[in-house]
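The values are calculated or read from the model by the stated rules, or taken from the named source; none is laboratory data. Note that the structure is a prediction, hence the values are computed from the model and not measured. No Cβ is skipped: glycine too gets one built from the backbone with ideal geometry, and neighbour counts run over all protein chains shown. Note: accessible area is taken over every heavy atom of the protein model, side chains too, but ligands, DNA and RNA are not part of it. Shrake-Rupley method; radii C 1.70, N 1.55, O 1.52, S 1.80 Å.
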Amino acid sequence: MAAQEQQPPAISELLPHAWSGANKTVDELTQESDTWLSSVPPSEILQRMLGNHFTHMEDVWGSKRYRVVVQDFSNITRTKSQGALYQSCYAHIENDIRDPDWTSGTANQRGNSEKVDPVGNLGGQSAHLLSHAKVCHRAYPFLAQAAIGINVQDLNLDGNLHTNRRKLLVGVQGGHHFTSLKGHKFNKMYWKLQGEHFDSDDPSVLVVPLLPLEQIKNWTMHATHAVDYDVAVFTFGPRKKVVARETLQMAKGTCSPTEVTLARENLTYFVKGIAAHLIWENVFESLPEKYFVPSNPSLLRWKSLVEQLKGNPEILIPIDLASIPRLRIAKARMSTGTSLPDPWLLLAKSAINYSASNGQKLMPACPLPEESDSEDDDCGIPNESGGKGEEMSSLTDPFYLGALRRVGFG
């Protein structure tokens, strides 16, 4: 057998709960969706359309109080070897800091909103997991260090320590690739309506990696570790049914009880860890008082929370409420055919969203996403000619209902 024939197909193509837009036209994806829909019972389709098919977070988990300890941040912090794929974020750190408003001139701005997301929706929008905003990113340097696996202070650099630490997020001048974590391809996920439901001041979605914690930390150790992985998807809050109806109608997978438990454990590690870093790190170092103004209420609320936690280090963490075998939790596959972000960053973002459900949002919200500054973009859907960027705005909303009509329902 030839060597090429011995190579297994992409894992995501083998799994029944995975969607992929890689090398597919919109017509091909529509046909794939129609085929799947034809196998779904009409009664289930109706429940999906009502937002009732999948169990919401509040029906799975309650909460309990937990007193944060300094070790909680260490538990989620990577070592330098674990963050080896982020070496470009500090390889040229001696260079001058880049303008935080920098946007790659080669980014396909229109095409960034024309993706298939991990739960099968066309029109996935780019969500930056660590802040992409000009002011908001200033709250994240210590999380950036933990994700990358270095402490800038240990590099013994000239210049201002706070500025050098912020370089990890915004990058440096000099024309090098991937010098900023916020613009790195691993810091981006595509998700339908993400600006309303996922990356907002009042989020409604959790996307929790289903990998053991050590594997999450090792994911950026080497290219061979940066593999596809599954996620559990929860909607929550006052709009949970609306959000499920708008975004989870095409979700094919369901988590096992073991996976639901793993999701809770992972979320708990990161809720604790992010809270600990607020208490024991100087998270205000890049945020002078001039930034805390009434026009940025999210930042003001965050400052108040940090001060509260420093005085009383108690947070709320998730606990099981129900018998898991009776629950139906959506499962999706993260891959280069949809999105393949660093699971550490994705879990950090979901932990922040979970904390918002308890009125303790651990990091300030970003504004609606700016144009993508990603220096690489490999998750696109080609158009009929094989390129990216065909207009699809007319498809994003009626896509599901049109598919229903084509299979004779509705």
Report summary line: Per the filter on segment 48-68, residues closer than 14 Å to Lys240 by Cα and of a type outside the set (A, V, I, L, M) are Arg48, Gly51, Asn52, His53, Phe54, Thr55, His56, Glu58, Asp59
Query raised in the report: Across segment 194-223, what is the total count of residues that are open to solvent by 10 Å² or more (accessible area, probe 1.4 Å), out of contact with any strand residue (DSSP E or B) (no Cβ under 7 Å at 6 or more places or on another chain) and among the hydrophobic types (A, V, I, L, M, F, W, C)?
Result: 3
Report task. Kindly check whether there is at least one residue in segment 70-83 that is exposed (fewer than 15 other Cβ atoms within 10 Å of the Cβ), among the aliphatic types (A, V, I, L, M), more than 30 Å from Gly124 (Cα to Cα) and modelled with pLDDT of 95 or more. Result -> yes
Report task. Identify the residue in segment 46-58 that is closer than 14 Å to Tyr354 by Cα and in a helix (DSSP H, G or I) and, among all such residues, is nearest to the chain's Cα centre (by Cα). Result -> Met57
Report task. Output the number of the condition that Ile150 fails; it satisfies all remaining conditions of (1) β-branched (Val, Ile, Thr); (2) closer than 18 Å to Leu287 by Cβ; (3) open to solvent by 10 Å² or more (accessible area, probe 1.4 Å). Result -> (2)
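Can you tell me which residue among Lys303, Lys310, Lys290 is in a helix (DSSP H, G or I), at pLDDT below 95 and farther than 22 Å from Leu206 by Cα?
Of Lys303, Lys310, Lys290, the one residue that is in a helix (DSSP H, G or I), at pLDDT below 95 and farther than 22 Å from Leu206 by Cα is Lys290.
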Requested in this report: Output yes when any residue across segment 221-230 is closer than 30 Å to Phe54 by Cα, touching a Gly at 6+ places or on another chain (Cβ under 6 Å) and among the aromatic types (Phe, Trp, Tyr), and no when none is.
Outcome: no
Query raised in the report: Got at least one residue in segment 226-235 being aromatic (Phe, Trp, Tyr) and either at pLDDT below 95 or in a loop (DSSP other than H, G, I, E, B) (or both)?
Result: no
Report task. Quickly run through segment 60-93 and pick out the residues that are more than 23 Å from the chain's Cα centre (by Cα) and within 13 Å of Thr268 (Cα to Cα). Result -> Lys64, Arg65, Tyr66, Arg67, Val68
Requested in this report: Give the residue, chosen from Phe178, Phe186, Phe142, that is aromatic (Phe, Trp, Tyr), surrounded by 19 or more Cβ atoms within 10 Å (Cβ to Cβ), outside any loop (DSSP other than H, G, I, E, B) and touching a Ser or Thr at 6+ places or on another chain (Cβ under 9 Å).
Outcome: Phe186
Query raised in the report: When you go through (1) out of contact with any strand residue (DSSP E or B) (no Cβ under 6 Å at 6 or more places or on another chain); (2) farther than 26 Å from Gln194 by Cα one by one for Ser298, which number turns out not to apply?
Result: (2)
Report summary line: Scanning segment 236-251 for residues that are assigned to a loop (DSSP other than H, G, I, E, B), open to solvent by 50 Å² or more (accessible area, probe 1.4 Å) and in contact with a strand residue (DSSP E or B) (Cβ under 9 Å, 6 or more places away or on another chain) gives none
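Here's the yes/no breakdown for (1) out of contact with any helix residue (DSSP H, G or I) (no Cβ under 8 Å at 6 or more places or on another chain); (2) touching a residue at least 24 places away in the same chain (Cβ under 8 Å):
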{"residue": "Pro42", "(1), (2)": "yes, yes"}
{"residue": "Gln47", "(1), (2)": "yes, no"}
{"residue": "Leu50", "(1), (2)": "no, yes"}
{"residue": "Ser63", "(1), (2)": "yes, yes"}
{"residue": "Arg67", "(1), (2)": "yes, yes"}
{"residue": "Gln71", "(1), (2)": "no, yes"}
{"residue": "Asn75", "(1), (2)": "no, yes"}
{"residue": "Arg78", "(1), (2)": "no, yes"}
{"residue": "Ser81", "(1), (2)": "yes, yes"}
Report task. Say whether the condition of being in contact with a Gly (Cβ under 8 Å, 6 or more places away or on another chain) and of a type in the set (Asp, Glu) is met by at least one residue in segment 153-166. Result -> no
Query raised in the report: Restricting the search to segment 159-175, which residues are part of a loop (DSSP other than H, G, I, E, B) and within 30 Å of Gly123 (Cβ to Cβ)?
Result: Gly171
Query - Subset of segment 290-342 [in contact (Cβ under 8 Å) with a residue 12 or more places away in the chain, over 24 Å from the mean Cα position of the chain (by Cα) and open to solvent by less than 40 Å² (accessible area, probe 1.4 Å)] - result: Leu309, Pro313, Ala322, Ile324
Query raised in the report: Only one residue in Thr35, Thr106, Thr30 is over 30 Å from Gln153 (Cα atoms), part of a helix (DSSP H, G or I), of a type in the set (Val, Ile, Thr) and at pLDDT below 85, so which one is that?
Result: Thr30
